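I have placed the structure first, in the form of C-alpha cells, so that the comments after it can refer back to it.
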Amino acid sequence: MSYKQKLDISKRIDLINQNYYMLGILATEEESYPNIGFYSTLVSRNDYNDQNLIFYVKSITTEPSLLLELELDTDLFVGYSDYSLSNVEKRIKDNKYNYVEIDEKESLLKKRLTNKIMLLKLRIEEDHKGREKYYKNFYIEDMEEFNGIKNYQSIEDIYNEEFIPLPIAKLSEAEFENKMLAGESITFPNFNILEYEIDKILVNNTLYFDPQNNWEIKSSNKCTNTAPSNLEQIELPADFNKNILYKYNNDLIFISNNYNIKLDKMKSEKIDFSNKQKIDDLKKLKSAMNRKSNVEKNRQMVSKNKDLENKNKKVIEVNQKEKKELKSVNNSKENDFLDQLYQKALSENLYYKKEDLYNLHISIKTSPLTVISGMSGTGKTRMAQLYAETLSLNYNQEYIIIPISPSYTEPGDVLGYLNTMTGIYTPAETGLVDLLKEAENNKDKIYMVIFDEMNLSQVEHWFSPFISLLELKDEARKLTLFNKNSTCHNNYKPEIKIGNNVIFVGTVNIDETTKDFSDRLLDRSNVITPEKMNFSNIKEELEKTDNLNNKDLENKSFNKIKFFDDWREEAENSIKFLSKQELSLLDELHETLNNVDSQKGVSFRIVENIARYIKNIPIDEKGNQYIEYGRAFDLQVKQRILTKLKGHQQQYGDLIGELNPNEPTDEIENSKIYNILSSDKAQKISAFNHSLEELKRKAKEMYYNGYAT
C-alpha cells in the first residue's frame with residue numbers, strides 16, 4: 001500500500017493545509033458569485049452589521065487531486081478579511097482602510113487586490129452549518145503586482161490560463177545526482193507531492209525529467225526515486241526566466257501550462273533515446289563528485305543576486321510587521337509626474353532604471369541638496385535636466401546649469417561681488433544670483449540650480465554659504481551677498497531669501513581630478529548613484545513601449561510649488577517613526593564607525609533625513625510604494641552613511657575589509673560593516689543589496705589601492 005493510500009481524507013486535508021501553495025487572482029470576470037456573503041458580489045460584507053468582508057479569488061494553478069475527490073471543482077476560493085489577509089495586512093489595512101465605512105472598505109479591498117498575483121496557502125475547511133461539506137479557503141502568503149511575462153502582458157491574459165508549480169531542489173547537479181544514485185530522499189518544503197505529481201525538478205541550471213514517474217512518496221514533501229536510470233535532463237532554455245510567473249522562497253516557481261508543454265517537446269527533440277543522458281552508470285558517480293566543487297561555486301556566483309532579491313521580498317514583509325505604518329496617501333498629480341518623467345526619458349533615448357528616477361525624485365523632495373554621482377558618460381547631468389524639463393522648467397529661465405571650474409575657491413566665484421568704490425554689484429556669469437532673485441519674487445513657481453561636476457573644486461570653499469542655510473527653516477534661509485550697511489546702486493539687495501521653491505542638484509565624478517566631499521556636506525545631501533542598464537534590458541524595455549514614440553506625451557505642467565508642497569510630508573518625529581530594530585541597527589553602525597573615527601557616525605540629522613525619505617515614498621493608485629520599504633532603507637544607508645566610509649587601509653581597513661576579485665567566493669573578508677549588514681538582525685529589515693554591493697566596490701578598491709573612495 002502506498003503512502004497516499006494509507007491516509008484518510010482528514011489526514012490528507014491536514015497535510016494540504018500545512019503546505020499546499022497555489023496562485024490566484026481576484027475573480028473580477030465571473031458572471032455570478034456564490035451566495036455566501038450578505039451580497040452575491042465579488043466583495044461583500046459577511047453580514048449586514050459585520051465589518052468582516054468576504055471576497056473571491058480565482059485559482060490559476062492546477063488544484064490538488066483531493067479537491068476533485070471532494071467535488072470541490074469550482075475555480076473560486078473564498079477569502080475572509082479577518083484572517084485571509086493576515087500575512088499582507090499592513091499592505092491592505094492602513095489607517096485609511098481602518099477608519100472608513102464598510103462600503104468604502106469594500107471598494108478599497110477590491111482596489112488593493114486588483115492586478116495582484118497572490119500566493120495562496122490553501123485551507124480546506126469543513127462546513128459546520130450543513131450547507132456544504134467543505135469550503136476552499138486560503139491565506140494570502142504573499143502577493144506582488146503583475147507586470148507581465150512573456151506572452152502574457154495583462155492580468156486579463158492569464159485569467160483563464162493554468163500555471164504549473166515546479167519544485168526547486170537547492171542542490172548542485174552533482175549533489176542531486178549523488179542523492180538519486182544513493183536512494184536518498186529529496187525534500188521540497190513548499191511543494192506537496194502527495195497531491196501533485198512531480199513533472200519536472202529544477203536543479204540549478206538544469207531541468208530533470210522522469211517520464212515514468214518513479215517517485216516513491218515518503219511524506220507530503222519528501223520522496224526518493226526508485227529508478228534514477230530513467231531520469232533525463234536538459235539545460236535551461238534561454239527564455240526560461242522570462243516565462244516564470246511567480247517565484248517563492250527560491251524553492252518553488254510557477255510556469256504556464258503552455259510553456260510546460262513546450263519544455264516537454266524540447267526534451268523529446270533534444271535527447272537521443274538510444275544514447276540519452278542516464279544516471280545509471282556508477283562510473284558517473286566519480287565524475288559527478290569531481291565536478292561537484294566547481295559546479296557549486298558557479299551556482300553560488302550565478303544565483304547569489306537572485307537569492308538576495310527573493311530574500312529581500314521576504315524580509316520586507318517581516319520588517320513591515322514591526323515598523324510603524326506609512327501613510328498610504330495616493331497623489332494622482334505626483335503619479336502623473338513620475339509616469340511622465342519615465343516616458344520622457346524613453347522618448348529622448350535616455351535609459352534610466354525606474355528605481356533610479358524614483359530615488360532622484362524622493363531625494364529632491366526631502367533633501368536640500370541632491371548629488372548625482374557615477375562614472376563618466378552615464379547621463380548624470382542629463383538626468384537632472386530631464387527632471388527639470390518634466391517639471392516644465394525652461395532652461396536659463398527657471399533652471400540653470402553651472403559648470404564648476406577648478407579655479408573656484410570662494411563664494412564670489414559663483415555669486416559675484418560688490419564694488420565698494422562704485423557701489424555696483426556685479427553678479428557672476430553663472431547667473432545664480434539672478435535666478436535666486438527671480439525665485440524670491442515668484443514664490444509660487446519652482447526653480448532649479450544644477451551644479452555640474454561640482455567637485456572639480458573643493459565644494460566647501462565656494463558652496464560654504466549654502467551649507468548652513470539649507471538646513472534652516474524657510475524664514476531664516478537668507479543668503480548674504482554683501483554687507484547691509486554698504487551702498488548698492490543697481491537694485492541688488494544685500495540678502496536674498498531662498499525659499500523651498502528652489503531645488504539644488506549637483507553632479508560629481510569620482511576620479512583623480514576631483515575633490516572629496518566633507519562629512520559636513522555629506523550630512524546635508526543625498527548622494528545617489530544611478531545604475532547603468534544592461535543593453536539587453538534596454539532592448540526589452542523598448543519592446544514593452546514600442547508605441548511610446550508613436551503617441552504624444554501629455555505635456556502637463558507641474559511648475560507650481562503648490563504641487564511640490566502637496567507631495568512632501570514630514571515625519572512627526574524620526575525616532576518614533578523608525579522601528580526599534582531599525583534604530584538599533586543605526587546605533588550599531590554609529591558605534592562601529594565612531595570607535596574607529598570619533599568624527600564619523602550616524603548623526604541625528606541623518607536619522608531624521610532617513611525617516612523623511614521613507615515617509616515621502618510615493619504611493620501609486622493601487623496602494624503600492626514606488627520603492628519598497630526595505631529597499632528604500634537600504635538606499636538611505638548607502639546614500640547617507642556609507643558615503644562617509646572612505647580613507648586609507650590603516651584606518652578604515654577593518655570597517656571596509658578586502659575583496660580579492662580573483663577569488664570565486666565574491667565575499668568580503670574582515671569587514672565589520674559587512675558583518676553588520678549581512679547579519680540576521682539586519683536582514684530582517686532589508687537584504688541591503690545596494691549597500692552590500694557598494695561595500696564590495698570599496699573593498700575592491702581597498703584591495704588594489706589600499707584606499708577606498
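Observations
- Test: residue in region 573-581 that is touching a helix residue (DSSP H, G or I) at 6+ places or on another chain (Cβ under 6 Å), under 17 Å from His690 (Cβ atoms), buried (at least 18 other Cβ atoms within 10 Å of the Cβ) and not aliphatic (A, V, I, L, M): no
- Unique residue being touching a residue at least 12 places away in the same chain (Cβ under 8 Å), within 28 Å of Ile253 (Cα to Cα) and in a loop (DSSP other than H, G, I, E, B) when the list is Tyr56, Tyr83: Tyr83
- Considered as a group, the residues in region 388-411 that are of a type in the set (A, V, I, L, M) and free of Cβ contacts under 8 Å to residues at least 60 places away in the same chain include one that is farthest from Ile503 (Cα to Cα), and that residue is Ile404.
- Residue list for region 165-175, restricted to those being over 22 Å from Tyr21 (Cβ atoms) and in contact with a strand residue (DSSP E or B) (Cβ under 7 Å, 6 or more places away or on another chain): Glu173
- Residue match in region 233-246 (condition: modelled with pLDDT under 80, buried (at least 16 other Cβ atoms within 10 Å of the Cβ) and not acidic (Asp, Glu)): no
- Verdict on Leu481 being touching a residue at least 12 places away in the same chain (Cβ under 8 Å) and crowded, with 20+ Cβ neighbours inside 10 Å: yes
- Residues of region 585-600 that turn out to be in contact (Cβ under 8 Å) with a residue 12 or more places away in the chain and out of contact with any Gly (no Cβ under 6 Å at 6 or more places or on another chain), as a count: 10
- Entry remark, region 364-387: residues being in contact (Cβ under 8 Å) with a residue 60 or more places away in the chain, more than 15 Å from Asn501 (Cα to Cα) and more than 20 Å from the chain's Cα centre (by Cα) number 12 in total.
- Helices (runs of 4 or more DSSP H) wholly inside region 560-663 containing at least 1 residues that are closer than 30 Å to Ala439 by Cβ and of a type in the set (Val, Ile, Thr): 561-567, 604-615
- Scope region 668-678; condition among the hydroxyl-bearing types (Ser, Thr, Tyr) and either surrounded by fewer than 22 Cβ atoms within 10 Å (Cβ to Cβ) or more than 19 Å from Ser598 (Cα to Cα) (or both); matching residues: Tyr674, Ser678
- Of all residue pairs spaced 6 or more apart or on separate chains, those with beta-carbon atoms under 6 Å, a first member in region 217-232 that is basic (Lys, Arg) and a second member that is assigned to a loop (DSSP other than H, G, I, E, B) and surrounded by fewer than 17 Cβ atoms within 10 Å (Cβ to Cβ) are Lys218/Ser185; Lys222/Ser185.
- Checked across region 646-667, the condition of being within 25 Å of the chain's Cα centre (by Cα), surrounded by 23 or more Cβ atoms within 10 Å (Cβ to Cβ), farther than 14 Å from Leu589 by Cβ and of a type in the set (A, V, I, L, M, F, W, C) holds for no residue.
- Scope region 86-112; condition out of contact with any Gly (no Cβ under 9 Å at 6 or more places or on another chain), touching a residue at least 12 places away in the same chain (Cβ under 8 Å) and among the hydrophobic types (A, V, I, L, M, F, W, C); matching residues: Val88, Ile102, Leu109
- Condition met for Arg605 (within 20 Å of Ile528 (Cβ to Cβ), out of contact with any helix residue (DSSP H, G or I) (no Cβ under 8 Å at 6 or more places or on another chain), of a type in the set (D, E, K, R) and not assigned by TED's automatic domain parsing to the domain that holds Lys354): yes
- Ser44 falls short on exactly one of the conditions (1) under 24 Å from Tyr97 (Cβ atoms); (2) part of a loop (DSSP other than H, G, I, E, B); (3) in contact (Cβ under 8 Å) with a residue 24 or more places away in the chain, and that condition is (2).
- Screening region 201-232 for residues that are crowded, with 18+ Cβ neighbours inside 10 Å and closer than 19 Å to Met22 by Cα and picking the one that is modelled with the lowest pLDDT gives Ser220.
- Between Leu418, Leu481, Leu435, the distinction of being closer than 19 Å to Phe564 by Cβ and in the same structural domain as Phe564 (by TED's automatic domain parsing) belongs to Leu435 only.
- Filter result (in contact with an Asp or Glu (Cβ under 8 Å, 6 or more places away or on another chain), more than 16 Å from Ser579 (Cα to Cα) and either of a type in the set (Gly, Ala, Ser) or without any contact (Cβ under 8 Å) to a residue 12 or more places away in the chain (or both)) within region 678-698: Ala687, Ser691
- Within the set Glu101, Glu69, Glu106, the sole residue that is at pLDDT below 90, closer than 27 Å to Gln18 by Cα and of a type in the set (Asp, Glu) turns out to be Glu69.
- Among the criteria (1) farther than 18 Å from Phe633 by Cα; (2) under 21 Å from the mean Cα position of the chain (by Cα); (3) of a type outside the set (D, E, K, R), the one His361 does not fulfil is (1).
- Scope region 187-204; condition over 24 Å from Ile124 (Cα atoms) and either in contact with a strand residue (DSSP E or B) (Cβ under 6 Å, 6 or more places away or on another chain) or not assigned by TED's automatic domain parsing to the domain that holds Ile261 (or both); matching residues: Lys200, Ile201, Leu202, Val203
- Residue selected from region 382-416 under the condition among the aromatic types (Phe, Trp, Tyr) and farther than 15 Å from Glu438 by Cβ, by the criterion surrounded by the fewest Cβ atoms within 10 Å (Cβ to Cβ): Tyr408
- Flag if Ile450 is aliphatic (A, V, I, L, M), within 13 Å of Val371 (Cα to Cα) and buried (at least 20 other Cβ atoms within 10 Å of the Cβ): yes
The values are calculated or read from the model by the stated rules, or taken from the named source; none is laboratory data. Fair warning: this is a prediction, and the values are worked out from it, not measured in the lab. Virtual Cβ from ideal backbone geometry, glycine too; neighbours counted across all protein chains shown.
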